[in-house]
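The values are calculated or read from the model by the stated rules, or taken from the named source; none is laboratory data. Here the structure is a predicted model, which means the values were calculated and not measured. Counting neighbours? That spans all protein chains shown, and the Cβs are built from the backbone with ideal geometry, glycine included.
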Amino acid sequence: MTARTVIRNEWRLLMADRPLRIALGLFALLLVYALANGVVWTRFQESTVEVARAGNVERALAIEQELTDIENGAEPASPFSDPRLPNVLGGRRGRHTAVLEPGPLTALAVGQSDLLPYYYDVNIYTNESSFHQNGEVESPLNLMVGRFDLAFVIVYLLPLLVLALSFNVLSEEREQGTLALTLSQPVSARGVVAAKLAFRALLVVGMVLAVSLAGILVAGDFGAPGRVLLWCAAVVAYALFWFVLAAWVNSLRRSSAWNATVLVGAWLVLVVVLPAAINIAAGLLHPLPSRVQMVTAQREASNEAVNQRSELLARYLEDHPEMAEGVVADEPGLGALAWAATDAVNRRLEEVTAEHDARRAEQIALVRRYRFLSPALLAQEVLIDAAGTGDARFAAFQSQVRTFAERWRDFFVPAILASEQMDASVLSDVPQFRLADEASADVVRRAGVPLAVLIGLLGLASAGAGVGLGRVRGAD
Amino acid sequence: MGLRNALLVARRQVGAVREDRYVVFLLGLVIALGVVAVLGARHHAASEAEQRARYQAMVERQWVEQPDRHPHRVIHYGFLVFREEAPLAFFDPGVGAWAGTSLFLEGHRQNTANFGEARHATGMLRFGRLTPAAVLSLLLPLFVVVAGFASVSAERERGTLRLLLAQGATPAQILAGKVLGTGAVAALAALPVGLATVAIAGSGAVGPVSAGRVAGLAAIYGAYLAGWVLLTVLASSFRASSRSALALLIAVWVALCVAAPRLGASVAGALHPLPSRAEFTHQVELAMNEVGDSHNPQDPFFRSLRDEYLARYDVASVEELPVNWGGVVSREGEAVSSRIQEEQQRDLVEGQRRQDRVLSWMGFISPYLAARDLSMAVSGTGPEAVEAFRAQAEAHRYDIIQRLNDLHISEIRYENDRAQRLSREHWAEFPTFGTRPPPLGGTLAARSLSLSALSLWILLPLLGLGLARGRLARVGLERSGS
């Protein structure tokens, strides 16, 4: 009996089983629906990013127009938004929106992209508290539930289909009395199960990968082959893990009903209970530093700073002698005074936030260790990281915006301190945000760790299944 | 006689479950998970509440301890409020982690609440947390399925069903007994979580909890689990084998409890899309630009206001007004800008409510959604609690800002306005902020959809059992005949 016979046989059997046929069809439908959902979300993000970019251009043009008019003798439209003032040009009116393009495979995994902001308005008043703005104005209920995307179908539903296809891969033969017959041929139980499962795996993984690649074709780009490979590797490893687990349970020589119960139990524990329990345990063992405390500390910092404005200016000028030119120390301009307070607030905020962030990073590192316990958590992490919608990419974006905000301040603040006016000639030099997106290689390196662990779990289960199947005899 | 037979069958069913070591093991597991969830959640909620109270007190003290200040300076100084979680949030945290927890209140603008817990955790939180509500609504149904999928079918497979019928038990009595027996096991599994919740709520450690809310939760989860018990026995009675009953029930569980919530949310989002944050801010800005800028005295809106005041007091210039014109501008500007922002905010919330309503309709498909909706409502942790916080904080903000503007108008002279200070004694006269949870009656009244969905969830399987009653004997005979 060759592998081809097994596979042809299997195909006929599978197609004869109506519930399985329905399950396969339903799964294909869900895959397509999930992909459509992800594509809609990507388009929404793309159009938002487009609008933000257009806003940048529009604002710059309006300001340029007004500055030219003023040069030609016109009065500014309002003394409060006179674009010649550096705190207007660099302030809310002339702000620059820094945007993060949707990740290359966002259509496949929405990930954290509906929760974390992907654009920030940057102006001279941008400080740490600006980064606490929320993401989209999404209903909290929808955020809690999460999106119906491919990553969800893969992490939650794919294992169930795999188990439905393979819980009785060996036990059924025994129950129907064909096992002895099959094993009397020159094949091993290992070979039979491997052939049967290889066929099913090809079917399931093929379906998922086909839809994924179609999704990349429609709404992503193949410009990031590393990410695409990572995605495919995670899908294959995760699906195989469940197939092999089913083979292992089958090798224990129990009834089909027992296999089904145990496998569904394993799914429940690994996909639903364990992650939920880890989340609650992590909160108890490694509580994140209090957000309320941080907000209050930030608030206190700004109060202190505002209360001691003039001392602050003196200190600021001492710290930044390069800025002191043009500022008459005894009689500082109102703008300079206000800026000194703003700057002091920012410094205090940075201190408070840095302390909070450092503690938070420590706790999160501890919490993230627990993800090695569940293949579902591992797969989820690799998938959203490959898609460019994981926590790390958003953190990198935020830190680049932080640097950009500094550049922005450095550009406008000297003029504020010197009470200078600006004109149209500076417009071409105003900083522009350019995102240095993470390279595919970095992503592969980062997501390689959970992927390696996932593959390790797969190896472990394979070893168990191999040993177990080696003991199966036709006479069982 | 009928009741006695049903009770006998129920005892038989409980006995069968007790003999099944696998089910007993699962029972222990579910109970252990439930108790861990209650204790963990209570600890989490208590430490959060303690911190929130501490910092709210600190912020209030800072407010009162302000030095003599100009009222407009205080308007910009602002005030920080924190969202208090409902006492029952330890049982069902609802959308709490996904909504903002602190809100900065200041003049001229409505900030949005930020610092939601989820923003600061990792993507792992998407898998949900093991809360007492999750144990009852997700895990217990599965336990009910495992404890009851064979209740009728195993009797049939062993041939004892015919014996029972021959001994005079009617099909209705047998089915009632199976429902009672499986229900008793389910109740046993749910009891520890329920008792622990009642004990914590009753101890007052998490704040005052009304008995009505606890009873409401008991009723919701009672009904929800009863539906699962009925469905399980129904599937067991009409499927030919225990195995196919189990497969069917597990498929139903996955569809209703795992897939339906996400499907529902995505359908809701597709039917009623919300604007992006950038778009929303832009809308607010456009609307604000239409009325004008209270900081700009040349603005047409404020010019006509000035003319009106000059005419009313019959004077020639704002300097001669008996009230402080600067304060009047500030007050009227605040009134206009608050109204506009509130309108925009209402539109947004209306959009979110429309999405939530789609999910309520989905409750007819998935009782899990209906039970979750009701559970959040009764626990006081649903979207409307978050919205109530926002609305109350906004009302508080408006009240405080306008009091400050009134002080500006009456206590500060127009001449040399900014050099004057208001005595610090005034600060203590301002009201403090406290979240008032939306009343239980109102939140439930707005959830008639979920309530009827949950009732249907019991009625439909009950109806099915009524129909299956007639078939019970026949299915048994057909099977033994084949």
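I'd like the full set of residues that are under 19 Å from B:Ala371 (Cβ atoms) and of a type in the set (Ser, Thr, Tyr), limited to segment B:217-258.
Of everything in segment B:217-258, those that are under 19 Å from B:Ala371 (Cβ atoms) and of a type in the set (Ser, Thr, Tyr) turn out to be B:Tyr221, B:Tyr224, B:Thr232.
If I filter segment A:361-383 down to residues being in contact with a Lys or Arg (Cβ under 9 Å, 6 or more places away or on another chain) and within 10 Å of chain B (Cβ to nearest Cβ), which single residue comes out as surrounded by the most Cβ atoms within 10 Å (Cβ to Cβ)?
A:Gln380
For A:Ala233, all conditions in the list (1) surrounded by 22 or more Cβ atoms within 10 Å (Cβ to Cβ); (2) farther than 19 Å from B:Leu142 by Cβ; (3) of a type in the set (A, V, I, L, M, F, W, C) hold save one; what is the number of the exception?
For A:Ala233, the exception is condition (1).
Filtering segment B:148-174 down to residues that are under 24 Å from A:Thr261 (Cβ atoms) and of a type in the set (A, V, I, L, M, F, W, C), which residue is surrounded by the fewest Cβ atoms within 10 Å (Cβ to Cβ)?
B:Ala154
Considering (1) assigned to a helix (DSSP H, G or I); (2) under 26 Å from A:Leu24 (Cβ atoms); (3) more than 14 Å from chain B (Cβ to nearest Cβ), say which one A:Leu270 fails and leave the rest.
(3)
Would you confirm whether any residue within segment B:196-211 is touching a Pro at 6+ places or on another chain (Cβ under 9 Å), among the aliphatic types (A, V, I, L, M), part of a helix (DSSP H, G or I) and away from every other protein chain (no Cβ under 14 Å)?
yes
Is there a residue being within 14 Å of chain A (Cβ to nearest Cβ), assigned to a helix (DSSP H, G or I) and among the acidic types (Asp, Glu) anywhere in segment B:9-22?
no
Pull up segment A:52-81, narrow it to residues that are of a type in the set (A, V, I, L, M, F, W, C) and surrounded by fewer than 18 Cβ atoms within 10 Å (Cβ to Cβ), then point me to the one that is nearest to the chain's Cα centre (by Cα).
A:Ala54
Condition check: in contact (Cβ under 8 Å) with a residue 24 or more places away in the chain, assigned to a helix (DSSP H, G or I) and farther than 18 Å from B:Phe91 by Cβ. Does B:Val185 satisfy that?
Yes, satisfied.
Take the residues in segment A:83-114 that are farther than 15 Å from A:Gly38 by Cβ and of a type in the set (D, E, K, R); name whichever of them is farthest from the other protein chains (Cβ to nearest Cβ).
A:Arg84
For segment A:115-152, what are the residues that are more than 8 Å from chain B (Cβ to nearest Cβ), surrounded by fewer than 24 Cβ atoms within 10 Å (Cβ to Cβ) and within 20 Å of A:Ala276 (Cβ to Cβ)?
none
What residue, of B:Ala118, B:Ala89, is hydrophobic (A, V, I, L, M, F, W, C), within 18 Å of the chain's Cα centre (by Cα), modelled with pLDDT of 80 or more and buried (at least 18 other Cβ atoms within 10 Å of the Cβ)?
It is B:Ala89.
Quick one: would you say A:Ala329 is in a loop (DSSP other than H, G, I, E, B), away from chain B (no Cβ under 11 Å) and either closer than 30 Å to B:Val30 by Cβ or at pLDDT below 75 (or both)?
Answer is yes for this residue.
Given the criterion out of contact with any Phe, Trp or Tyr (no Cβ under 7 Å at 6 or more places or on another chain), under 17 Å from A:Leu284 (Cα atoms) and surrounded by fewer than 19 Cβ atoms within 10 Å (Cβ to Cβ), identify the matching residue among B:Leu8, B:Leu29, B:Leu39, B:Leu3.
From the options B:Leu8, B:Leu29, B:Leu39, B:Leu3, the qualifying one is B:Leu39.
Residues are listed down the side, and each one gets a yes or a no for (1) within 22 Å of the chain's Cα centre (by Cα); (2) surrounded by 17 or more Cβ atoms within 10 Å (Cβ to Cβ); (3) closer than 27 Å to A:Asp149 by Cα:
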site	(1), (2), (3)
A:Ile7	no, no, no
A:Arg12	no, no, no
A:Asp17	no, no, no
A:Leu20	no, no, yes
A:Leu26	no, no, yes
A:Leu35	yes, yes, yes
A:Gly38	yes, yes, yes
A:Trp41	yes, yes, yes
A:Gln45	yes, yes, yes
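Could you list, in sequence order, the residues of segment B:319-340 that are surrounded by 16 or more Cβ atoms within 10 Å (Cβ to Cβ), out of contact with any His (no Cβ under 8 Å at 6 or more places or on another chain) and closer than 13 Å to B:Arg397 by Cα?
B:Ser338
Which residue is nearest to A:Ala180 (Cα to Cα), if the candidates are limited to segment A:444-476 and must be surrounded by fewer than 21 Cβ atoms within 10 Å (Cβ to Cβ) and under 23 Å from the mean Cα position of the chain (by Cα)?
My answer is A:Ile455.
Looking at A:Asn279, A:Asn250, A:Asn259, can you tell me which residue is at the interface with chain B (Cβ under 7 Å from one of its Cβ atoms) and either under 22 Å from A:Gly468 (Cα atoms) or not aliphatic (A, V, I, L, M) (or both)?
A:Asn279
Would you confirm whether any residue within segment B:432-454 is surrounded by 17 or more Cβ atoms within 10 Å (Cβ to Cβ), in contact with a Pro (Cβ under 9 Å, 6 or more places away or on another chain), of a type in the set (Lys, Arg) and touching a residue at least 12 places away in the same chain (Cβ under 8 Å)?
Among the residues of segment B:432-454, not one is surrounded by 17 or more Cβ atoms within 10 Å (Cβ to Cβ), in contact with a Pro (Cβ under 9 Å, 6 or more places away or on another chain), of a type in the set (Lys, Arg) and touching a residue at least 12 places away in the same chain (Cβ under 8 Å), which makes the answer no.
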